[in-house]
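Working notes, structure below.
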Amino acid sequence: MKKIPRLVIAATQSGSGKTTIVTGLLAALKQQGLKVQSFKVGPDYIDPGYHTLASGRKAHNLDTWLVPESLVPAIFAKECQDADIAVIEGVMGLFDGGNNGISSTAKIAKLLQAPVLLVIDAKSMGASAAAIALGFVQYDPEVNLAGVILNRLGSDSHEKMIREAMVQIGIKVYGAWRRDEMLHLPERHLGLVPTKENDAGKAIYKMGQMAEQSMQLSAIMKLAKGVELLPKLASLNISALADVRIGIAYDEAFSFYYPTSLEVLKMLGAKLIKFSPIHDASLPAVDGIIIGGGFPEMFAPQLADNESMRKALKQKIMQGMPVYAECGGYMYLLNSLIDFKGIEYPMTGVFAGRAVMTKKLQTVGYVKAFTNKKTVLGEAGLSLKGHEFHFSVEEAADINKLVRPLQFTKLRNGQHYEAGQCYKRALGSYLHLHFAGNIDAAKNFVQNCAIFKQETEVKS
């Protein structure tokens, strides 16, 4: 395997500004004519959108819960084949993740043998920044913490004070960013606003300029190039199962997909056809449909107004078309959705009940799931690994009487609960899956699409 120049941008905690810094670094390196491949640690769907705009290349997720640990280096190497450097943005704080450090930034850094630069939000502190850095260095000596990037500095004297403290403990400073509200990215209840909903181009250009001024790009490239060869581990070796067409709901309301997850469907023989539940009047000619997560609550009026799409989707489900819906997609298949203002909008009416937005985060974290019955993802007893993150709750008159197709177990606290709904070949829940970590589920879905295709051809 060829040597892949690489580094990880981590932080002491969420909100330290690492997405801004990574986005700026990607833009600056691209401006130098380099091919830059970016990655995001964890199950995040939104930050990679900013990476993609800055680098001009599709960003990918690295997660040791959603995907088997042995596959992570292989996925990483595959996407870096023609890249000059790989930049990996961490999640939360450097050592934060699931139970026992599952999918933490530190875990990924060690797995990929990549040096780490630690972003420190230096606002309202001086030499204490060096104490924080030293603590991170000593906490896990197996992590190659190569230096720091100082963020939200207030003045030249502020920067000088912290740089001198870093010199005393032998930690190198690779970047020093000043406070600048022009660099602020818009946020809302699930984090950053997706790039499809805002004009991020100007902000990203500004971030690139700031990175050129504030970071030692040549030193960063030298650091990234000084890595070892990655050992060749397992690989995604998947053979085609069937020639099918799968519709992927993709627009402002539904955009939460892992690129490698969709690639698994392609490897199984599926041709993916994007369509918009907001803008398209009808469904494309497909044998199955996947509706990912997103923000249907922000576009409920538009989704409700597109009655022809809602009717077409429900009709196909009634005819037995396989449909798999995650989180936002699940909400779209319920009877209705009540937004943050308390306004109720009709949805497709495939599943019972309604989704109600709340002001409080209802759940976030990794989960194990088991199928209680046969679904489009497989037979009863199928084991799945996924992630939940939502502000809505389900409400139904007879919600306790619903026969739930899935049994969830929260990884963090072991809590058990039944979830989701199933109707004919349609399955929906708040679960987010990565098909590279649930290959049997992907195979079963493709096979169900092939069965529906055959049924449709016989009828015609």
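The values are calculated or read from the model by the stated rules, or taken from the named source; none is laboratory data. All values derive from a computational prediction rather than experimental measurement. Here Cβ is always computed from backbone atoms with ideal geometry, including for glycine, and neighbour counts include all displayed protein chains. Side chains are part of the model used for accessible areas, which takes the heavy atoms of the whole protein and leaves out ligands, DNA and RNA. Shrake-Rupley method; radii C 1.70, N 1.55, O 1.52, S 1.80 Å.
Calculate what fraction, in whole %, of the accessible area of segment 344-421 sits on carbon and sulfur atoms when a 1.4 Å probe is rolled over the protein chains. Working shown, then result.
Details: 2000 of 3900 Å².
Taking all protein chains in place, segment 344-421 shows 51 percent carbon and sulfur surface.
Pairwise over distinct Cα atoms, reciprocal of the mean inverse distance: report the Kirkwood radius of segment 292-342 in Å, one decimal place.
11.6 Å
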- Message: Whole angstrom only: what separates the Cα centroid of segment 431-454 from the Cα centroid of segment 17-81?
- Response: 26 Å
- Query: To the nearest 10 square angstrom, how much accessible area does Ser70 have with a 1.4 angstrom probe?
  - Reply: 50 Å²
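For segment 371-440, rounded, prolate or oblate, judged on the Cα gyration tensor with a ≥ b ≥ c (square roots of eigenvalues), a/c < 1.5 rounded, else prolate if a/b > b/c? Please list the in-between numbers first.
On the way: a/c = 1.64, a/b = 1.14, b/c = 1.43.
It comes out oblate by the Cα gyration axes.
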- Along the three principal axes, how long is segment 1-71 when you take its alpha carbons, biggest first, rounded to the nearest angstrom? 36, 35, 20
- Stretch Asn413-Thr363 to full length: gain in nm at 0.36 nm per residue minus the Cα-Cα span? 16.8 nm
- Note on the structure: For the chain, the dipole about the Cα centre with charges only on Cβ (Lys and Arg +1, Asp and Glu -1), to the nearest 20 debye, works out at 600 debye
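Mind pulling up the Rg/Rh value for the chain? Radius of gyration and Kirkwood radius, both on Cα.
That ratio equals 0.99.
If a/c stays under 1.5 just call it rounded; otherwise compare a/b with b/c (prolate if a/b is bigger, oblate if not). Do that for segment 339-460, with a ≥ b ≥ c from the square roots of the Cα gyration tensor eigenvalues.
Working: a/c = 2.04, a/b = 1.30, b/c = 1.57.
In terms of gyration-tensor shape, oblate.
Filter the cross-link list Lys311/Lys424; Lys123/Lys341; Lys3/Lys368 down to pairs whose alpha-carbon distance in this structure exceeds 25 Å.
Numbers: Lys311/Lys424 16 Å; Lys123/Lys341 35 Å; Lys3/Lys368 35 Å.
The answer is Lys123/Lys341; Lys3/Lys368.
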- Task: Mind checking the per residue accessible area of segment 395-460 for me, 1.4 Å probe, whole number of Å²?
- Result: 51 Å²
- At the level of C-alpha centres, the distance separating segment 113-127 and segment 235-298, in angstrom, is 39 Å
- In segment 331-404, the GluC sites (Glu not before Pro) that fall in loop regions by DSSP, at most 15 other Cβ within 10 Å: Glu379
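Run the helix sum for the chain: -39,500 (n - 2.57) per DSSP H stretch of 4+ residues, divided by residue count, reported at 222 nm to the nearest 500 deg cm²/dmol.
-9000 deg cm²/dmol
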- Task: Please report, in debye to the nearest 20, how large the charge dipole of segment 251-344 is about its Cα centre when each Lys and Arg carries +1 at its beta carbon and each Asp and Glu carries -1 there.
- Result: 320 debye
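Report, in order of residue number, the helices in the chain meeting two criteria: a C-alpha extent of 27 Å or more along the helix axis, and a mean Kyte-Doolittle hydropathy of at least -0.5; treat each whole DSSP H run as one helix.
Result, helices passing both filters: 439-459.
Quick check for me: using +1 on Lys/Arg Cβ and -1 on Asp/Glu Cβ, what's the dipole size of segment 308-460 about its Cα centre, in debye to the nearest 20? Write down the numbers at each step before the final one.
Details: 21 positive and 12 negative charges, 14 e Å.
That gives segment 308-460 a dipole magnitude of about 60 debye.
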- Would you please state the base-10 log of I(q)/I(0) at q = 0.11, 0.13, 0.14 1/Å for segment 1-123, with intensities from the Debye formula using one equal scatterer on every alpha carbon? -0.32, -0.45, -0.52
- Query: Which lysines have a Cα less than 17 Å from the Cα of Lys58, not counting those fewer than 8 places away in the same chain?
  - Reply: Lys30, Lys35, Lys40, Lys78, Lys196, Lys266, Lys274
